[in-house]
Amino acid sequence: MEIRAANGVVAGIDGSVPAAEAAEWAAREAEWRGTGLHLVHAVNTGTVTLSPRTGATVTDLILREAAELLDAVQATLEAAHPGLRITGDVVPRDAAEAVLTAAEHASLAVLGTRGHGGFASLLLGSVSLRVAAHAACPVTVVRGTDHPDGPVLVAVHDERDASALRFGCETAARRGLAVRAVHTWSPVVADVGRMAPMVDELGEEAQLHEQLLRRTCDPVREDYPAVEMESHQLTGGSAATVVEASRTAALVVLSRHDPAPRFGLRLATPVHAVLHHAHCPVAVVPV
């Protein structure tokens, strides 16, 4: 079955509460962007253990129920967002591959978080992880609490993260929010025999990080003069710092630097940790 590629916002649905919340978040984002919303409902129709006749019957039933679910979600969103153009597909294939294919020309893909196990709130579904690791467009994983008046929090590691910062500024500009760029680093101790670096060396290192932050933020700040942007450099673990700051943020924006293989869940450790533990939606931007 051919999957329609969308030019606007793509959202994956599966009948779960997290997916429904993600679809609603995606609808609001599509309205802010002035684009359409395309829903993707992937279903497993595998019937290898059944007879051909029974297999066809079960497949038809699965697809019919999936279409009914898609229609119901679409109707709910259309009622809540009457001016939004919403389309949808039922796709009989792997969920992550279905979303990745549909989002090949999209501006954003949106998914919910769906953990399994005793600590479900701390776990992320494999579909969301795979899409975040491999999508060509930015991916937002909707989780936690969306603080509508909070800042857009952007993690800045180095100058390559200017693309993520621009994504954060564009999002903030559409919503009338501020941007908070955060750069975290750990002091380097050159002499292992010392308990801590010398004060002047620490000051020099902090100055270098401040310069890096300015080189990254200043050009973006000039391009978005209407967006209030704060920049901060902090010492400590990047993931823990971002997770804590996400408690009052509208959105966290992270960069995905290294291209991942088509299969697997490879993401940088801090990105992986924030996706699992953030208190608000997280956007992963390929750079």
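Every number here is computed from the coordinates shown, using simple stated rules; none is lab data. Not measured: the values here are computed from a predicted model. A quick note on method: Cβ atoms are made from the backbone with ideal geometry, for glycine too, and the neighbour counts reach across all protein chains shown.
Points to keep in mind about this one:
- Between segment 57-109 and segment 130-168, the alpha-carbon centres lie 24 Å apart.
- Sequence-ordered 3J(HN,Hα) estimates for segment 153-162 from the Karplus curve with 6.51, -1.76 and 1.60 and θ = phi - 60° stand at 8, 10, 7, 10, 8, 8, 5, 5, 7, 4 Hz, glycine and proline given as x.
- Of the peptides 87-97, 158-168, 210-220, the ranking by mean beta-carbon count within 10 Å, highest at the top, reads 158-168, 87-97, 210-220.
- Pair Glu65, Ser163: separation of 7 Å Cα→Cβ label points (nm): 4.1
- Less than 5 angstrom separates the built amide H of Val253 from those of Leu153, Val154, Ala155, Ala283, all sequence-distant by 5 or more or on a different chain.
- The gain in end-to-end length when the Glu230 to His105 segment is fully stretched comes to 41.8 nm, 0.36 nm per residue minus the alpha carbon separation.
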